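Reviewing the structure listed below.
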Amino acid sequence: MAFTLYAATIPSYLQLLGSVARMIDKAETFCADTGLAPEALIEARLIDDMLPLAYQVKSTAVHSLGAIKGVRRGTFSPDNTTPPDSFDGLRALIAGTITDLGAIDPDEVESFVGRDIRFEFGSNHRDFLAEEFLLSFSQPNFYFHTATAYDILRMKGIELGKRDFIGQVRTKV
C-alpha cells in the first residue's frame, strides 16, 4: 500500500488532539486539586511575548481541521478569533475538531494533491500546492502549538510526561 497524504496528516492530528484533550482534563483537575483559578492556566504563557494556553489549544484546531477546510476553499488565513476562555470551551473545541477530522474521507484528502492553495495574511500571500501547505506549513504549526500547550502546563506544575504528549501510538494491526 502506498503512503498517502491522508496517512501523513489526519491520523497524527487525531493522535495529538486526543493528547490535547487529556491535557485539558489534567489542567482542570490540577486547578480543582490546588485551588488555582482556571484563568491562571488558560491565560498562562511561557514568556510575555508568546500567546497563552487558550491560543495554543485553539491553534491545534486551526492547523489541523482549519487547514483541511482551507485546502477545500483554496485559501487559508490566520484565525484571529478569540479563543475559548474556559476548560469546557477548550474541551468542546477539541472534541468538535476530533469529530470533524474523524469524518473526513481519505479519498477526499488524496484529491488535494496538486491543488493550489493560497495563504493570505493581510496584504501578503504565499502560494502552495495543497500537500506542501499541509506538510510544510500547517503540520509544523500544529506540532509547535501542541508542544507549546504541553510546555505551558508543565511549567505551571502539572504532572505530564512524554506519553501524555505522544498519546495513543498506532501500532501494527
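Values computed for the structure shown
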{"item": "FRET efficiency, Thr34 to Gln168 (Cβ-Cβ, R0 35 Å, nearest 0.05)", "result": "0.80"}
{"item": "Total charge dipole magnitude, the chain, about the Cα centre, Cβ charges on Lys, Arg, Asp, Glu only, Debye to nearest 20", "result": "360 debye"}
{"item": "Which label in [x] 10.9; [y] 9.7; [z] 12.4 gives the computed mean projected area of the Cα convex hull in nm²", "result": "[x]"}
{"item": "Bridge type composition, the chain - antiparallel percent by DSSP, nearest 5", "result": "75 percent"}
{"item": "Those lysines that a straight Cα-Cα span of less than 17 Å connects to Lys156, excepting residues fewer than 8 apart in one chain", "result": "Lys26"}
{"item": "Label point 7 Å beyond Cα of Arg22 along Cβ direction - residues of region 130-164 with amide nitrogen under 14 Å", "result": "150, 159-164"}
{"item": "Restricting region 95-173 to trypsin sites (Lys or Arg not before Pro) in coil, as DSSP defines it, with at most 14 other Cβ within 10 Å", "result": "Arg115, Arg170, Lys172"}
{"item": "Cα centroid separation - region 1-44 against region 136-173, whole Å", "result": "7 Å"}
{"item": "Whichever aspartates and glutamates have a C-alpha closer than 12 Å to that of Lys162, once near sequence neighbours (fewer than 8 apart) are set aside", "result": "Asp151"}
{"item": "Tilt relative to the chain, helix 5-34 - C-alpha long axis, 0 to 90 degrees, to 10", "result": "10 degrees"}
{"item": "Dipole-positive endmost among Tyr143, Gln168, Phe87 within the chain (Cβ charges, Cα centre)", "result": "Gln168"}
{"item": "GNM top mover of Ser86, Ser111, Ser64 - the chain, alpha-carbon springs below 10 Å", "result": "Ser111"}
{"item": "With Cα atoms, 0 to 90° folded angle of helix 53-62 axis to the chain main axis", "result": "20 degrees"}
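The numbers here are math on the coordinates, done by the rules we state, and not lab data. Computed from a predicted structure; not experimentally measured. Every residue, glycine as well, gets a Cβ built from its backbone with ideal geometry; the counts of neighbours run over all protein chains shown.
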